[in-house]
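Asks: Next up is a structure, given as structure tokens.
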Amino acid sequence: MARENNRGPRLDQPMERGLSLRPSVDPEAVGRLSERIARFLGSWRFIGYMTAFVLFWVLWNLIAPTNLRFDEWPFIGLTLLLSLQASYAAPLILLAQNRQSDRDRIQYQDDRSNTERLIADTEYLMREVASLRMALGEVATRDYLRGELRDIIEELDDREHKRKKKKDRHPDPLAETTDEP
């Protein structure tokens with residue numbers, strides 16, 4: 001007993017979580033948010049909003065009275081905002097692409113396993129059909145039985161015909177009994 005306490009934490013039991021100053025982030029929630037943002041950044045609506053914002057910025061700083069302008073001609077503030085937006089958009093788009101590539105890889109693996117399963121099922125069914133064909137080759141079919149019965153009837157008719165011919169040539173004396181009144 002005393003020896004177990006000296007070993008340290010056991011690997012077969014979960015560790016107790018202590019208080020951490022580091023914020024915990026759910027990677028799945030961040031991934032979903034990055035996908036939503038990337039989807040919006042790739043939409044025509046975003047391009048329209050961005051175009052309207054840039055036009056408003058430029059027109060305001062060109063047409064407005066001098067004391068109300070906040071970003072003069074080289075538009076340093078606009079350049080800073082656009083580069084800031086691009087610096088955040090690029091990693092978010094990459095995160096969304098990574099998640100999409102992970103989903104595509106999983107989908108590919110599922111499709112591949114389904115295809116392998118379908119191929120195995122098809123091969124099994126092909127073997128079963130082949131064995132049924134072989135078994136049917138040994139089974140008498142309706143047409144085969146009709147042909148055999150037709151041959152037997154013809155053979156019996158031939159025998160009967162031969163017997164009648166033989167009887168006509170050599171009449172049986174015992175068979176000739178006359179009925180006298």
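Asks: Please specify each residue of region 95-126 satisfying the condition of being of a type in the set (A, V, I, L, M, F, W, C) and over 15 Å from the mean Cα position of the chain (by Cα).
Replies: Within region 95-126, 95, 96, 120, 125, 126 meet the criteria.
Asks: Yes or no: residue 72 surrounded by 10 or more Cβ atoms within 10 Å (Cβ to Cβ), within 30 Å of residue 50 (Cα to Cα) and acidic (Asp, Glu)?
Replies: Yes.
Asks: Got a sec? Which of 31, 42 is in contact with a helix residue (DSSP H, G or I) (Cβ under 6 Å, 6 or more places away or on another chain) and either closer than 23 Å to residue 98 by Cα or hydroxyl-bearing (Ser, Thr, Tyr) (or both)?
Replies: Just one listed residue meets the conditions, 31.
Asks: Within region 61-111, how many residues are in a loop (DSSP other than H, G, I, E, B) and either of a type in the set (S, T, N, Q) or at pLDDT 90 or above (or both)?
Replies: Result for region 61-111: 0.
Asks: Shifting gears a bit: Kindly list, by first and then second residue, each pair from a residue in region 88-107 that is basic (Lys, Arg) to a residue that is part of a helix (DSSP H, G or I), limited to pairs with Cβ atoms under 6 Å and residues at least 6 apart or on different chains.
Replies: 99/31
Asks: Check residue 35 against each of (1) at pLDDT 85 or above; (2) part of a loop (DSSP other than H, G, I, E, B) and name the one condition it does not meet.
Replies: Looking at each condition in turn, residue 35 falls short on (2).
The values are calculated or read from the model by the stated rules, or taken from the named source; none is laboratory data. These numbers were taken from a predicted model, which means no experiment stands behind them. Glycine also receives a Cβ, built like all others from the backbone with ideal geometry; neighbour counts cover every protein chain displayed.
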